[in-house]
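Peer 1: Quick one: the structure is below, and I'll ask about it shortly.
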Amino acid sequence: MLTKCSPVTMRANLKNVESLMKAGIDFVAVPVRDPEHKKELLTQSMEMLIQLANEASASNKK
């Protein structure tokens, strides 16, 4: 069952999207079922951002 997002949370989500856009990072908006699902997706997202940062860092060292 979907949990409705509060306006405060939605504004925070949109702020994060703006940060990705400014950094030029491609992303896909994914709906979430509930807080646990969101936590799982955020963990995956953070892992990917760390990987991208490491790759960029390695690329700059060449």
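Every read-out reported here was derived from the displayed coordinates using simple, explicitly stated rules and does not represent laboratory data. All of these numbers come straight from a predicted model, not from anything done at the bench. In this analysis, Cβ positions are derived from the backbone assuming ideal geometry, glycine residues included, and neighbour counts consider all displayed protein chains.
Peer 1: With angles folded into 0 to 90 degrees, how steeply does helix 7-23 sit against the dominant principal axis of the chain? Use alpha carbons for both and round to 10.
Peer 2: Taking the Cα atoms of the chain, the angle to 7-23 is about 20 degrees.
Peer 1: Eigenvalues of the Cα gyration tensor times 5, then square-rooted: what semi-axes does that give for the chain, in whole angstrom, largest first?
Peer 2: Each semi-axis is the square root of five times an eigenvalue, giving 27, 14, 8 Å.
Peer 1: What is the helix-to-structure angle for 35-61, meaning the angle in degrees between its Cα long axis and the longest Cα principal axis of the chain, kept from 0 to 90 and rounded to the nearest 10?
Peer 2: Helix 35-61 sits roughly 10 degrees off the main axis of the chain.
Peer 1: Shifting gears a bit: In which sequence would 26, 34 go, from the one with the fewest C-beta neighbours within 10 Å to the one with the most?
Peer 2: Ascending number of Cβ neighbours within 10 Å: 26, 34.
Peer 1: Of the options 52, 12, 41, report the single residue whose Cα projects farthest towards the positive end of the charge dipole of the chain (beta-carbon charges: Lys, Arg +1; Asp, Glu -1).
Peer 2: Most positive-ward Cα: 12.
Peer 1: Please get the size of the charge dipole for region 7-61, origin at its Cα centre, with Cβ charges of +1 on Lys and Arg and -1 on Asp and Glu, quoted in debye to the nearest 20.
Peer 2: 200 debye
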